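The values are calculated or read from the model by the stated rules, or taken from the named source; none is laboratory data. Source: prediction; values computed, not measured. No Cβ is skipped: glycine too gets one built from the backbone with ideal geometry, and neighbour counts run over all protein chains shown. The protein model used for the area step is the full one, side chains on, heavy atoms only, and it has no ligands, DNA or RNA in it. Shrake-Rupley method; radii C 1.70, N 1.55, O 1.52, S 1.80 Å.
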Amino acid sequence: MPRIVIIIDEFHGLLSEEDSGSREAASILQEIARQGRSFGIHLLLASQTLAGVQIPTAMLEQIGVRIALQCSDDD
């Protein structure tokens, strides 16, 4: 089975607003994180800051590896 890697740079832009588009994006990312591994789909999410972004806890629980380089206490 082939592997698919989805790379989203500055993903916090998808989740920063409190509107229906933001909720839908969060829901889709959460589904990909939850079910995607069994289908060979992997996510690589990158951002310079996470300040002001509400990442769903269920999505964070599905992300096995998180790497943080130099960042502020808010992040």
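Annotations for the structure displayed:
- Evaluated with a Cβ-only charge set (Lys, Arg +1; Asp, Glu -1), the chain carries a dipole of roughly 540 debye about its Cα centre, given to the nearest 20.
- Residue with peak Gaussian network fluctuation, the chain [Cα springs, cutoff 10 Å], from 27, 16, 38: 38
- Surface share of carbon and sulfur [accessible, 1.4 angstrom probe, percent] for the chain: 53 percent
- The mean accessible area for residues of the chain, using a 1.4 Å probe and ignoring ligands and nucleic acids, is 76 Å² per residue.
- Taking amide H as placed 1.01 Å from N in the peptide plane, residue 42 has its amide H under 5 Å from the amide H of 4, 5, 6, each at least 5 places away in sequence or on another chain.
- Of the GluC sites (Glu not before Pro) found in region 5-64, the ones in coil according to DSSP and having at most 12 other Cβ atoms within 10 Å of their Cβ are 10, 17, 18.
- D (Stokes-Einstein, µm²/s), Kirkwood Cα radius, the chain, 0.692 mPa s at 37 °C: 249 µm²/s
- Within the chain, trypsin sites (Lys or Arg not before Pro) in DSSP loop having at most 11 other beta-carbon neighbours inside 10 Å: 3, 66
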